[in-house]
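The values are calculated or read from the model by the stated rules, or taken from the named source; none is laboratory data. A quick note: this is a predicted structure, and the numbers were derived from the prediction, not measured. Neighbour counts are summed over all protein chains in view; Cβ atoms, including those assigned to glycine, are modelled from backbone coordinates with ideal geometry. All accessible areas refer to the heavy atoms of the entire protein, side chains included, with ligands and DNA or RNA removed. Shrake-Rupley method; radii C 1.70, N 1.55, O 1.52, S 1.80 Å.
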Amino acid sequence: MRLFISSLVVGSIVFSATQIHAQVPVRNDARPDINTMGRGEIRVAPDRATVLVSIETHASTAAAASSANSQITNATIKAVKAAAGPQDLVTTQSFSVTPDYQKGKPSGFGARNTIRAELRDIARLGPVIDASLTAGATQISQVQFTSSTASEVRKRALKLAVAEARADAETLADAAGGSVGRLLSVSTGPSNISNSRLATAMVMGGVARAAGYSEPPPIIPDDLTISTLATTRWEFIPRRNP
């Protein structure tokens, strides 16, 4: 597993102000605080993939379009399961039958079904695509990559974000003539998993077969970037004059 670590932090120092009004005493115990935000980011190679396989059929009646779609879908599911691993999950994601139109006039019906295959080994991705197209699927609508270590990597990124937020707070405190005191609050939000070159395949089955498609397509995913934020608030302790 390849890991590349980087971080980015932004911060600000906020001094609490006491407003003086008539008959309101001035508080001398109010202390300023420092607010910082740290960002932890880790890159990791994906080891899992999810592929969406679509089957589309057309006929003069809704029943005929649905029946033809069911036959191809069943054959495709069988082929995908044979190419996938024993722990991979193969399900149907969506099914619809809608009227077809040509030049604004009804011309029959179209049936569409989508198979979702969640693969624990991305090495099986090419064979699964090959098997589904050979079985009659009309389109590979999407391929997405994930990592089985995403949860653990997120925790590491979160620690990095907090550490950078504290380092930034210490820099701000020193520049303002003081030091960092107690941690007053810390929070985080949803993490983000992104791929700068996320694979999205739009392979048409009929075109592939007509061109003599006979081997799995090469798909090489880019690393995933897992990032998270930490928002912190620290007590600011001014330096005492000698």
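Couple of notes before you dig in:
- Of the residues making up region 98-107, just one is under 35 Å from the mean Cα position of the chain (by Cα) and open to solvent by 60 Å² or more (accessible area, probe 1.4 Å), namely Pro99.
- Candidates Gln71, Gln87, Gln93 - the one that is of a type outside the set (A, V, I, L, M) and in a helix (DSSP H, G or I): Gln71
- Taking region 153-187 as the range and being of a type outside the set (A, V, I, L, M) and surrounded by fewer than 18 Cβ atoms within 10 Å (Cβ to Cβ) as the test, the residues that pass are Lys155, Arg156, Lys159, Glu170, Thr171, Asp174, Gly177, Ser179, Gly181, Arg182, Ser185, Ser187.
- Criterion violated by Thr91 - all others in (1) under 23 Å from Ile193 (Cα atoms); (2) open to solvent by 10 Å² or more (accessible area, probe 1.4 Å); (3) of a type outside the set (Phe, Trp, Tyr) satisfied: (1)
- Pair list, Cβ < 9 Å and 6+ apart or interchain, from region 149-168 residues that are more than 10 Å from Thr228 (Cβ to Cβ) to residues that are of a type in the set (Asp, Glu) and surrounded by fewer than 20 Cβ atoms within 10 Å (Cβ to Cβ): Thr149/Asp47
- Considered as a group, the residues in region 29-44 that are open to solvent by less than 20 Å² (accessible area, probe 1.4 Å) and of a type outside the set (S, T, N, Q) include one that is nearest to Arg239 (Cα to Cα), and that residue is Ile34.
- Residue match in region 59-68 (condition: at negative phi and assigned to a strand (DSSP E or B)): yes
- Matching entry among Arg182, Arg116, Arg112, Arg120 (being out of contact with any helix residue (DSSP H, G or I) (no Cβ under 6 Å at 6 or more places or on another chain), within 17 Å of Thr57 (Cβ to Cβ) and not β-branched (Val, Ile, Thr)): Arg112
- Among the candidates Ala165, Ala150, residue that is within 28 Å of Arg124 (Cβ to Cβ), at pLDDT 85 or above and among the aliphatic types (A, V, I, L, M): Ala150
- In region 108-152, the residues that are farther than 30 Å from Arg43 by Cα and crowded, with 21+ Cβ neighbours inside 10 Å: Ala111, Asn113, Ala131, Ser132, Leu133, Ala135, Ala137, Thr138, Gln139
- Checklist (1) modelled with pLDDT under 95; (2) farther than 24 Å from Asp223 by Cα; (3) touching a helix residue (DSSP H, G or I) at 6+ places or on another chain (Cβ under 9 Å) applied to Ala201, failing item: (2)
- Restricting attention to region 109-131, the residues being assigned to a strand (DSSP E or B) and in contact with a Phe, Trp or Tyr (Cβ under 9 Å, 6 or more places away or on another chain) number 4.
- So Asp47, is it buried (at least 16 other Cβ atoms within 10 Å of the Cβ), under 27 Å from Val153 (Cβ atoms) and either among the hydroxyl-bearing types (Ser, Thr, Tyr) or at pLDDT below 95 (or both): yes
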